[in-house]
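> If you scroll down you'll find the structure; I have some questions about it.
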Amino acid sequence: MDGTLLNSRHEVSPQFFRLYEALSAKGIHFAAASGRQYTSIVSKLQPIKDEIYVIAENGGLAMYADREIIRTPLNRSSKNTILDSLKGNKDVHPVLCARDNAFVSGHSEDFLRILKEYYTEFQIIDDLYNFEEEIMKVAAYHFNSSEKYIYPLVAPFEQSLMVKISGQHWVDISHPNAHKGYALQKIQNQLGVGPTETLVFGDYNNDLEMMALSDYSFAMANAHPNVLKAAKYRTESNDQFGVENILENLLRSLD
């Protein structure tokens, strides 16, 4: 979604919805995959939300309409250890991401304004440490650089958990199987399709496992260097209709 289908104003283009209808009529299935919350994803894709697969929380949750395909929560014992590590930088803002809601401390009004773009459902609570409900992941935000200021704090967890730099400002820590590739493979198996029948777009490190499952992986022009290296092809940036341009070519090839 962000940096790929959504432009820099976090909008989906009318052109995409037109292409979706045309390709869907030819038997093409769509999956929206994001580190975003499920409700945030479907709010951007409201006209087609009941017709597409949605991979949310970086693969921790996958849905088709109201049907849950997978849910891979974080081990409850890991949460407080992760929160402890994030305390190493007072400018890091953690989010506990549950299936249908998110939970934050509310100490920063500036961060809450940012949060509203990615989490349509969230709640401010007094103490994240005492939160005992199931969560999909711990997300952490830094206003400057997640790679520089958050990743070093949580890199040691890579031996036992999934640690993903999911955007310029975000790092996600989740169950080792909670990634977009794991969720996409479940969908591929369900549809009976393989890499030769799968086209993937991505821009950041949380897209790498997903790209490995496709013979037609496209990095956006604005993508992270790791994604540019891993993808088999490139397209224009998210502000230059990179996704739509490739889908236009796909549609012409099917006519």
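> Report yes if some residue within segment 33-51 is touching a helix residue (DSSP H, G or I) at 6+ places or on another chain (Cβ under 9 Å), basic (Lys, Arg) and in the same structural domain as Gly202 (by TED's automatic domain parsing); otherwise report no.
Yes: segment 33-51 contains one or more residues that are touching a helix residue (DSSP H, G or I) at 6+ places or on another chain (Cβ under 9 Å), basic (Lys, Arg) and in the same structural domain as Gly202 (by TED's automatic domain parsing).
> Being more than 17 Å from the chain's Cα centre (by Cα) and within 14 Å of Ile246 (Cβ to Cβ) is the filter; apply it to segment 216-230 and report the residue that is surrounded by the most Cβ atoms within 10 Å (Cβ to Cβ).
The extreme case among them is Tyr216.
> Separate question: Give just the number: which of (1) of a type in the set (Asp, Glu); (2) modelled with pLDDT under 95; (3) assigned to a helix (DSSP H, G or I) does Asp127 not satisfy?
Looking at each condition in turn, Asp127 falls short on (3).
> Going by the structure shown, is Phe16 touching a residue at least 24 places away in the same chain (Cβ under 8 Å), more than 14 Å from the chain's Cα centre (by Cα) and closer than 28 Å to Arg252 by Cβ?
yes
> For segment 145-255, which strands (runs of 3 or more DSSP E) that fit wholly inside it have 1 or more residues that are within 30 Å of Asn89 (Cα to Cα)?
Hits in segment 145-255: 162-165, 170-174, 199-202.
> Return yes when Gly194 is farther than 17 Å from Thr72 by Cβ, surrounded by fewer than 21 Cβ atoms within 10 Å (Cβ to Cβ), at pLDDT 95 or above and not assigned by TED's automatic domain parsing to the domain that holds Ser85 and no when it is not.
yes
> Of all residues in segment 79-107, which are among the β-branched types (Val, Ile, Thr) and farther than 18 Å from Thr120 by Cα?
The answer is Thr81, Ile82, Val92.
> Just to verify a result, which residue in segment 197-208, among those that are charged (D, E, K, R) and within 21 Å of Glu236 (Cα to Cα), is surrounded by the fewest Cβ atoms within 10 Å (Cβ to Cβ)?
Asp203
The values are calculated or read from the model by the stated rules, or taken from the named source; none is laboratory data. Note that this is a predicted model, so its numbers are computed, not measured. Please note: Cβ atoms are built from the backbone with ideal geometry, for glycine as well, and neighbour counts cover all protein chains shown.
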